[in-house]
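Encoded as structure tokens, the structure appears first; notes follow it.
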Amino acid sequence: MFNDIFLGETVTLIDMLNARDERYAKQNSLLSQYPGCSLLVVTMNIPGDIKNSQKISEVFKSAIEIIDQELVGASLKHKSSLQQHTGNEAYYVLDIPAVDLKRLMIAIEEQHPQGRLFDLDVLFVDEDTGAVAKISRADYNLMPRQCFVCDKNAKECARSRAHSIQEMKVAVANLMAKQ
């Protein structure tokens, strides 16, 4: 099972930086096309140099199904997705307040057995500054997301490289096995 998860095309740092730039451009384009709307960007938290595989795509599809169920009846203006070797991405533009959308996404991240693998970002254009803004867990006085391996802040563990890629892959495989 473990090998199936991380069986895919290797990505480089340049690949990831280019994918991030393209994602930012798409985000800005969608927010300018749909003024006053909120943007949900769905990606996966996958450590290492394999960001997509059949199993990762299956888990991503389950995230999309859950989000679609949660958003039934919402005013959906746009939905699109990309499946790339740098990872799967989905974009939802909705005519609902960003704070309400983020609250729904936090519930999915926290309640779904594989929710720790989901990266559900909510963006909007700040009316005062005209800049793209992102709602964070801190805006709800919530703790930052936990590390895959330990109970510490995931960003701190990543920054300090507290765990090996192998340890993180084992943790991801265990999360993917949960139903």
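Descriptive notes on the structure:
- Long-range amide H partners of ASP119 with built H, under 5 Å: THR43, MET44, ASN45
- Here the Karplus relation 6.51 cos²θ - 1.76 cosθ + 1.60, evaluated at θ = phi - 60°, turns the backbone of region 92-108 into coupling constants of 10, 10, 10, 9, 9, x, 4, 5, 5, 4, 4, 4, 5, 6, 4, 4, 5 Hz, with x for every Gly and Pro.
- When every Cα-Cα distance of the chain is counted in 10 angstrom steps from zero, the calculated P(r) takes the values 9, 36, 39, 15, 1 percent.
- Angle between the chain longest axis and helix 165-177 axis [Cα atoms, degrees, rounded to 10]: 70 degrees
- Computed over protein heavy atoms with a 1.4 Å probe, the accessible surface of the chain works out to 56 Å² per residue.
- Computed from backbone phi with θ = phi - 60° and the Karplus coefficients 6.51, -1.76 and 1.60, the 3J(HN,Hα) list for region 13-18 is 4, 4, 4, 5, 5, 5 Hz; x is used for glycine and proline.
- Its DSSP H runs of at least 4 residues, each contributing -39,500 (n - 2.57), put the calculated 222 nm mean residue ellipticity of the chain at -13500 deg cm²/dmol, to the nearest 500.
- Under 5 Å, built H, 5+ apart or other chain: amide partners of GLN84: GLU89
- Considering only VAL42, VAL93, LEU31, and ranking their Cα positions along the charge dipole of the chain that arises from unit charges at the beta-carbon of Lys, Arg, Asp and Glu, the one farthest toward the positive end is VAL42.
- Lysines with Cα under 18 Å of LYS134, excluding same-chain neighbours fewer than 8 positions away: LYS26, LYS102, LYS155
The values are calculated or read from the model by the stated rules, or taken from the named source; none is laboratory data. Values in this document were obtained by computation on a predicted structure and should not be read as measured data. Virtual Cβ from ideal backbone geometry, glycine too; neighbours counted across all protein chains shown. Accessible surface is based on the protein model in full, side chains and every heavy atom, while ligands, DNA and RNA are left aside. Shrake-Rupley method; radii C 1.70, N 1.55, O 1.52, S 1.80 Å.
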